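Undergrad: Structure incoming, see below.
The values are calculated or read from the model by the stated rules, or taken from the named source; none is laboratory data. Not measured: the values here are computed from a predicted model. Note that each Cβ is placed from the backbone with ideal geometry, even for glycine, and that neighbours are counted across all protein chains shown. We work out accessible area using only protein heavy atoms, side chains counted, and drop any ligands, DNA or RNA first. Shrake-Rupley method; radii C 1.70, N 1.55, O 1.52, S 1.80 Å.
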Amino acid sequence: MRALGGGPGEGNAVPSLPVVERLRADVADLLGEDPADLPVDEDLADHGLDSIRLMSLLERWRAEYGVDLAFPDLAEEPILRRWAELLAPRP
C-alpha cells in the first residue's frame, strides 16, 4: 500500500487535501509546530526538518499507513505538496 487516502488533485489545486492535512499534522507534531504554520509549497528543511526527523517520519508512516517509499523519495523534495502527490492513491 502506498497511499494515505483521499484522491489526487487536479491542475494547480493542492493534491488530495486529506492527505496534505494528514502529512502536515504529522510533520507539525514531529517539529512541535502548529500545522497551520507549515505551508504546503515550502521546503520543510527551512522549518527544521532534518534527515533524522525525516527518517523517523518515514518509519512512522511505514508502520501506520504501509507507505512503501524510500528515504530519497521524500528527501529529494521535502515539500508537503510533493509528498502528497507521491502518497495519493492511484486510480
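Undergrad: Just a yes or no: is a residue in segment 7-26 touching an Asp or Glu at 6+ places or on another chain (Cβ under 8 Å), modelled with pLDDT under 95, among the aliphatic types (A, V, I, L, M) and open to solvent by 40 Å² or more (accessible area, probe 1.4 Å)?
TA: Taking every residue of segment 7-26 in turn, none turns out to be touching an Asp or Glu at 6+ places or on another chain (Cβ under 8 Å), modelled with pLDDT under 95, among the aliphatic types (A, V, I, L, M) and open to solvent by 40 Å² or more (accessible area, probe 1.4 Å).
Undergrad: Looking only at residues that are outside any helix (DSSP H, G or I) and of a type in the set (Asp, Glu) in segment 34-48, which one is farthest from residue 86 (Cα to Cα)? Before the answer, list the steps.
TA: Within segment 34-48, the first condition is being outside any helix (DSSP H, G or I), and the residues that meet it are 34, 38-43, 48.
Now narrow it down to the ones that are of a type in the set (Asp, Glu): 34, 41-43.
On the way: 34: 23, 41: 14, 42: 16, 43: 16 Å.
Taking the candidates together, the pick is 34.
Undergrad: Conditions: (1) hydrophobic (A, V, I, L, M, F, W, C); (2) open to solvent by 50 Å² or more (accessible area, probe 1.4 Å); (3) within 12 Å of the chain's Cα centre (by Cα); (4) modelled with pLDDT of 95 or more. Residue 74 meets all but one. Number of the miss?
TA: Going through (1) hydrophobic (A, V, I, L, M, F, W, C); (2) open to solvent by 50 Å² or more (accessible area, probe 1.4 Å); (3) within 12 Å of the chain's Cα centre (by Cα); (4) modelled with pLDDT of 95 or more one by one, residue 74 breaks only (2).
Undergrad: Quick one: in segment 49-69, of everything that is at pLDDT below 95 and in a loop (DSSP other than H, G, I, E, B), which residue is most open to solvent (accessible area, probe 1.4 Å)?
TA: Residue satisfying both the conditions and the ranking: 68.
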